[in-house]
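See below for the structure under consideration.
The values are calculated or read from the model by the stated rules, or taken from the named source; none is laboratory data. Here the structure is a predicted model, which is why all the values come from computation and not from measurement. With ideal geometry, Cβ positions are generated from the backbone for all residues, glycine too; neighbour counts draw on all protein chains shown. SASA here: full protein model, heavy atoms, side chains in, ligands and nucleic acids out. Shrake-Rupley method; radii C 1.70, N 1.55, O 1.52, S 1.80 Å.
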Amino acid sequence: MATLSPARIAAADVLSNVRRRNARARDLLRTSAPVARLTPADRALATRLALGGVRTSGTVDALLDAHLRRGHLEPRVRDALRISAFELLWLATPAHVAISQGVELVRRVSPHGTGLANAVLHRVAEEDLPALARARERVERRNCTASGIALVAALPQWLADELMVSLGTDGVCRMALSALDAPGVYVAGNACLHNDVEVEHLLSAAGLMPCSTSLPGCLSLSSAAGLAASGLVDVVDVVPADMAAQVVAWLASPAPGTRMLEVGQGRGTKSLLLESCALRRGGLAHLAAVESEAFKVAVSRTRMERARLGKAVTCTALDGRRLGEKGLPPELSGSFDSAFVDAPCSGTGTLRRHPEIAWALQEPAIRTAGQSLPALQLELLRAASTRVGAGGTLAYATCSELRQENEGVVSAFLAGQEGAAFSLVSPRSTAAFAALPPQAQRLFTAMIGPDGMVRTSRVDTPELPLDGHFLALLVREA
Ligand SMILES: C[S@@+](CC[C@H](N)C(=O)[O-])C[C@H]1O[C@@H](n2cnc3c(N)ncnc32)[C@H](O)[C@@H]1O
């Protein structure tokens, strides 16, 4: 009998809890006592396995079910097999290791299930692994079908179809080939509290080994382990945010001293980034943010206070679709120099970071006329646009890769009554872009399409893989 590694036990338990409690794997990993007791190397492996197991679950389940003579697997046995199949198929763990560990994981929860586990995992290794390698090879040659993309990137077929249309052949192939990589770990130094040298010192003192990037204030870390424990996030000395989110915040950032409306503030990450960018460009802006969920507004207020932005940023619980109405609170009255709509979206640009999305997202959320995410996004954009003054900028952002939520919403807005006074501008023509160092300008330029819209996934970073964020800048005629 092989000795079962503690990382695999922890990962299988996280998967079981995700299923039983309908919780997010990342939250469970952060709060699990057994995970906290692991060595740093084992914690990293448990994290990789748990997130990968969730991320690939739909694809793996279909493969496992095809190998079963009878169609039922006890849920905890399935959790164990999901971990081992993920290792076999996407982590290149040697087959004898992945299979023997998988069998031992199954023995823990179902001593009579080891024979079945052994047989099924051997079939995964002998049949599915070569099939995946062939599909991957076709994707590498850009000779792929949506079903090949679905297999290589472990996505539901409908989402692979959508991504193929949204990203084109080259884009979807690049996405698929890195879809199961670990997400990059980035933080932004909070310029409202510290200069860049101080931030690097704080991170280094916490053993986090920061590396600077081409974007001012953006640092990459080799691992997220230790970031939460360092306390630096709680006191808002640093803001965890993918570099792609930081790119969007920089390009949409308000000019110093101006008044900006933010729609969809969430827990305030972008507010912190926007103010940090404004400060780097010369001074704070006045930010009036709205968010529909009251508990997020409370979190944002606390973070703004901690970042000493309590005066510069107001956080208001409000449905952004009401922004065109009369009788709003005083902080939301009058017109704004700019508005930033950080729209609720599918999150399909962040699948590496939020593995549940791939299998939780339902096709109607994108496609159902009138009730879909694109319909809500368009309503929010229209409402925010009514508050932008002459010559002001309206920024529309998502962390989605889907055309319907991005270019589709922008086109529908421009074709409508509110959009008639706006035109698209390239971020290259903005003061924010001009304020960037040349290396960052080159990186950002590669993300901007011929239509002037930004898709961060246009760029392959030599460093860590970036999330897929979208940004369009629109200007109201003066
Ligand atoms: C992409 S998230 C924003 C993330 C946030 N800006 C941050 O940086 O943490 C979109 C946010 O829009 C909020 N939202 C959804 N519908 C809304 C509405 N009708 N009005 C205002 N906010 C809304 C969601 O609750 C969510 O927090």
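Some points to look at:
- Of all residues in the stretch 329-352 being more than 13 Å from the ligand (Cβ to nearest atom) and open to solvent by 30 Å² or more (accessible area, probe 1.4 Å), the one that is modelled with the lowest pLDDT: Arg352
- Filter result (open to solvent by 10 Å² or more (accessible area, probe 1.4 Å) and either touching a residue at least 60 places away in the same chain (Cβ under 8 Å) or within 10 Å of the ligand (Cβ to nearest atom) (or both)) within the stretch 277-293: Cys277, Leu279, Arg280, Arg281, Leu284, Glu291, Ser292, Glu293
- Within the stretch 386-403, tally of residues that are within 17 Å of Arg322 (Cα to Cα) and in contact with an Asp or Glu (Cβ under 7 Å, 6 or more places away or on another chain): 1
- Filter pass, Val263 being more than 20 Å from Tyr396 (Cβ to Cβ), touching a strand residue (DSSP E or B) at 6+ places or on another chain (Cβ under 9 Å), open to solvent by less than 10 Å² (accessible area, probe 1.4 Å) and within 12 Å of the ligand (Cβ to nearest atom): no
Matching residues to (1) under 21 Å from the mean Cα position of the chain (by Cα); (2) in contact (Cβ under 8 Å) with a residue 24 or more places away in the chain; (3) more than 22 Å from Ser429 (Cα to Cα); (4) away from the ligand (no atom under 13 Å from the Cβ):
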{"position": "Pro210", "(1), (2), (3), (4)": "yes, no, yes, yes"}
{"position": "Ser220", "(1), (2), (3), (4)": "yes, yes, yes, yes"}
{"position": "Arg259", "(1), (2), (3), (4)": "no, yes, no, yes"}
{"position": "Arg267", "(1), (2), (3), (4)": "yes, yes, yes, no"}
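- Test for Arg382: is it outside any helix (DSSP H, G or I) and out of contact with any strand residue (DSSP E or B) (no Cβ under 7 Å at 6 or more places or on another chain): no
- Among (1) out of contact with any Cys (no Cβ under 6 Å at 6 or more places or on another chain); (2) not in a loop (DSSP other than H, G, I, E, B) - the single one Val235 does not satisfy: (2)
- Within the stretch 375-397, being open to solvent by less than 20 Å² (accessible area, probe 1.4 Å), small (Gly, Ala, Ser) and farther than 13 Å from Glu262 by Cα holds for Gly389, Gly392.
- Residue count for the stretch 452-478, restricted to those that are at pLDDT 95 or above and more than 21 Å from Arg353 (Cβ to Cβ): 7.
- The set of residues in the stretch 356-413 being touching a Lys or Arg at 6+ places or on another chain (Cβ under 7 Å) and either more than 25 Å from Ala431 (Cα to Cα) or within 13 Å of the ligand (Cβ to nearest atom) (or both) consists of Glu356, Ala358, Glu379, Leu380, Ala383.
- Residue check, Arg303 farther than 29 Å from Ala365 by Cα and within 12 Å of the ligand (Cβ to nearest atom): yes
- Within the set Arg69, Arg43, Arg8, the sole residue that is charged (D, E, K, R), open to solvent by 40 Å² or more (accessible area, probe 1.4 Å) and assigned to a helix (DSSP H, G or I) turns out to be Arg43.
- Meets criteria (at pLDDT 95 or above and surrounded by 18 or more Cβ atoms within 10 Å (Cβ to Cβ)) for Val97: no
- Selected residue (criterion: farthest from the chain's Cα centre (by Cα)) from residues of the stretch 70-103 that are over 20 Å from Ala2 (Cα atoms) and of a type outside the set (A, V, I, L, M): Arg70
- Cβ-Cβ distances below 8 Å connect the following pairs, each with a first residue in the stretch 119-147 that is free of Cβ contacts under 8 Å to residues at least 24 places away in the same chain and open to solvent by less than 30 Å² (accessible area, probe 1.4 Å), a second residue that is assigned to a helix (DSSP H, G or I) and of a type outside the set (Phe, Trp, Tyr), and a separation of six or more residues or different chains: Ala135/Gly148; Ala135/Leu151; Ala135/Val152; Ala146/Gln157; Ala146/Ala160; Ala146/Asp161; Ala146/Met164.
- For Gly189, the test of being crowded, with 24+ Cβ neighbours inside 10 Å and closer than 30 Å to Arg281 by Cα is passed.
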